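**Q** Here's a structure for you.
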Amino acid sequence: MSEPVPDPRLKSLINKLRPGSVRSVTVAGFDGADVLVLLGESGEEGSEVGRIPRHEVSIRRTNHPSEIFTVGQQIEAEEIGRWRGQLNLSARACENPELRAFLVAIQPGQIVSGTVSGVHNFGVFVHLDGEPQGLCTGFIRVPDLTWEWITHPSEAAEVGQRITGEVIMSETRSAQVTISLKALLEDLRRPEVLGQRSP
């Protein structure tokens with residue numbers, strides 16, 4: 001049986017969310033709550049100016065990026081694309097090197113295991129094996145829990161339960177690994193499976 005062709009829209013989204021290249025940049029100043037950075041070596045004069053949007057500054061909550069960065073400081077940031085010709089970057093994606101290394105090592109299609117840490121109406125949080133201590137990186141969306149119809153995720157998972165799933169995507173910027181339990185379960189609704197079942 002041939003593998004199903006992935007939805008091109010989903011594939012495009014996953015490609016956009018995959019980790020970008022990491023650059024060493026120098027903080028040049030602030031534009032409101034955004035951080036302006038120089039992209040050249042050691043921020044030499046004439047370097048291209050990049051931007052770290054306010055939501056990409058840090059995992060931590062702050063009133064202003066000047067609470068974290070100072071002008072002239074060298075930091076690492078991940079490239080996330082160009083808007084209006086200017087390179088945008090994410091500092092939060094590089095804020096915790098141990099966390100970044102863990103997330104970058106996880107690839108779509110990989111099988112991972114973990115322990116359910118929280119069940120909510122929008123999905124399930126999972127402590128993945130091997131993640132940095134004190135963090136919770138795994139997440140299962142409701143549609144990825146089971147092939148069966150459920151009214152709440154608690155019908156498919158409970159806190160403390162050990163689970164194994166397939167990675168859909170691993171994001172350095174959100175520090176989240178989206179996984180699917182359903183991908184490893186047989187879909188009993190398929191016609192070829194229904195035909196094999198006893199009457």
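The values are calculated or read from the model by the stated rules, or taken from the named source; none is laboratory data. From a predicted model like this one, the values you see are computed outputs, not experimental measurements. Please note: Cβ atoms are built from the backbone with ideal geometry, for glycine as well, and neighbour counts cover all protein chains shown. Calculation scope for accessible area: heavy atoms of the full protein, side chains included, ligands and nucleic acids excluded. Shrake-Rupley method; radii C 1.70, N 1.55, O 1.52, S 1.80 Å.
**Q** So which of Thr62, Thr70 is open to solvent by 50 Å² or more (accessible area, probe 1.4 Å), of a type in the set (S, T, N, Q) and under 25 Å from the mean Cα position of the chain (by Cα)?
**A** Thr62
**Q** When residues of the range 29-76 are filtered for being in contact with a helix residue (DSSP H, G or I) (Cβ under 6 Å, 6 or more places away or on another chain) and of a type in the set (A, V, I, L, M), how many remain?
**A** The qualifying residues number 4.
**Q** If we only count strands (runs of 3 or more DSSP E) wholly inside the range 73-124, which ones have 1 or more residues that are β-branched (Val, Ile, Thr), open to solvent by 40 Å² or more (accessible area, probe 1.4 Å) and touching a Ser or Thr at 6+ places or on another chain (Cβ under 8 Å)?
**A** Working: elements: 74-83, 86-90, 111-120.
So the answer is 111-120.
**Q** Same structure, new question: Taking only the range 129-144 into account, find how many residues are farther than 17 Å from Pro108 by Cα and touching a residue at least 12 places away in the same chain (Cβ under 8 Å).
**A** 5
**Q** Right, another one. Which residue out of Arg197, Arg173 is at pLDDT below 95, under 30 Å from Pro132 (Cα atoms) and in a loop (DSSP other than H, G, I, E, B)?
**A** The conditions single out Arg173.
**Q** In the range 125-167, which residues are more than 17 Å from the chain's Cα centre (by Cα), crowded, with 19+ Cβ neighbours inside 10 Å and part of a loop (DSSP other than H, G, I, E, B)?
**A** Those that are more than 17 Å from the chain's Cα centre (by Cα), crowded, with 19+ Cβ neighbours inside 10 Å and part of a loop (DSSP other than H, G, I, E, B): Leu145, Ala156, Ala157.
**Q** Can you tell me which of Val104, Val126, Val119 is of a type outside the set (Gly, Ala, Ser), out of contact with any Phe, Trp or Tyr (no Cβ under 9 Å at 6 or more places or on another chain) and in contact (Cβ under 8 Å) with a residue 40 or more places away in the chain?
**A** When all the criteria are applied, what remains is Val104.
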